[in-house]
1. To the nearest 20 debye, what charge dipole does region 160-248 have about its Cα centre, counting +1 at the Cβ of each Lys and Arg and -1 at the Cβ of each Asp and Glu?
2. Can you tell me which of 71-82, 123-134 comes out highest on packing, and rank the rest after it, using the mean Cβ neighbours within 10 Å?
3. Between region 210-242 and region 98-113, how many Å separate their Cα centres?
4. Here are some pairs, LYS106/LYS183; LYS136/LYS212; LYS122/LYS236; LYS88/LYS136; which of them have Cα atoms lying more than 24 Å apart in this structure?
5. For region 93-203, what is the convex hull volume of the alpha-carbon atoms per residue, in Å³?
6. Loop only by DSSP, 14 or fewer other Cβ within 10 Å of the Cβ. Give me the trypsin sites (Lys or Arg not before Pro) in region 175-232 that pass, ordered by residue number.
7. How do ILE160, ILE169 line up, fewest other C-beta atoms within 10 Å first?
8. Toward the positive end of the charge dipole of region 98-225, about the Cα centre and with charges on Cβ (Lys, Arg +1; Asp, Glu -1), which of PRO189, CYS126, LEU206 goes farthest?
Amino acid sequence: MMNKCKHASQEFQDIKKKLSEIQNDLKRFMEQSNRQQLELILASSRKDFSTAIVSHMIEDVEDGLDTHMVRRCDMRETCRAKFSEFLKNSAGLLQQDKVGDETIAKNKSELDALRATAPYKKCDICFSEVAALQEKQINLMKALQIYKSTEAKAPNISSIPEESIVDGILDPVSNKTRLQILKALYYEPKTFSALSELTGLRAGNLLFHLQKLLNSGMVIQRHEGGDYMITDKGYKVLTMITYYVNTLQ
């Protein structure tokens, strides 16, 4: 009798164990199914979301080119068409799941190739706007985690050219007023009067600081008496400063 009870108890334990295994298998299956379903939903949502973002970026491209390109130029419409096509193709990268360093490098080299064919000195104004729009797209890719730079090269400190770095970067941004001007121009071009109102400086004093930024190549003036505008160099320097300020906090 005791043997029968032991046998029945063992069978019950075995059944209980099997039921527990089946329950765990079902649980894992449900979790896996839910995860796959969630991934499908997220993938679909991301696709719809990216389509909306690309549409917005294309509008941003058209507005940026229309507002900031040099108006009195016989090449304006030709260049605008090329810039628009280039930036729209670049914005299309936002619809990809992943974008690598090679793609970004190729994208930037295409802009450099266009820049190499620029016939006029004033072309820098238009190319600065295109570079700023391109950088905005890249930053958005990083924010959406579509693009993660894998570059991890150790800096060659000994190769830093002291004089050109001090004169061309450190000295221009070491002054509070000049940094204030650069920050203001980061978002949009401004007139001399607007910068005067912003800084509280008049005539010669303001012109002194603007000339420093002009000489460094971080700021350009559209034409004599025209608006002041940040260049690609100024944009990159200010972005770099912002990055290191955030990492040190």
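1. 240
2. Descending mean neighbour count gives 123-134, 71-82.
3. 24
4. Among LYS106/LYS183; LYS136/LYS212; LYS122/LYS236; LYS88/LYS136, the Cα-Cα distance tops 24 Å for LYS106/LYS183; LYS136/LYS212.
5. Expressed per residue, the convex hull around the Cα atoms of region 93-203 is 175 Å³.
6. ARG202
7. On the way: ILE160 9, ILE169 19.
Going from sparsest to densest Cβ surroundings: ILE160, ILE169.
8. After comparing all options, I get PRO189.
Bear in mind that the values in this text are calculations on the coordinates, not laboratory data. Remember, predicted model here, so these are calculated numbers, not experimental data. Glycine gets a Cβ as well: all are built from the backbone with ideal geometry, and neighbour counts include every protein chain shown.
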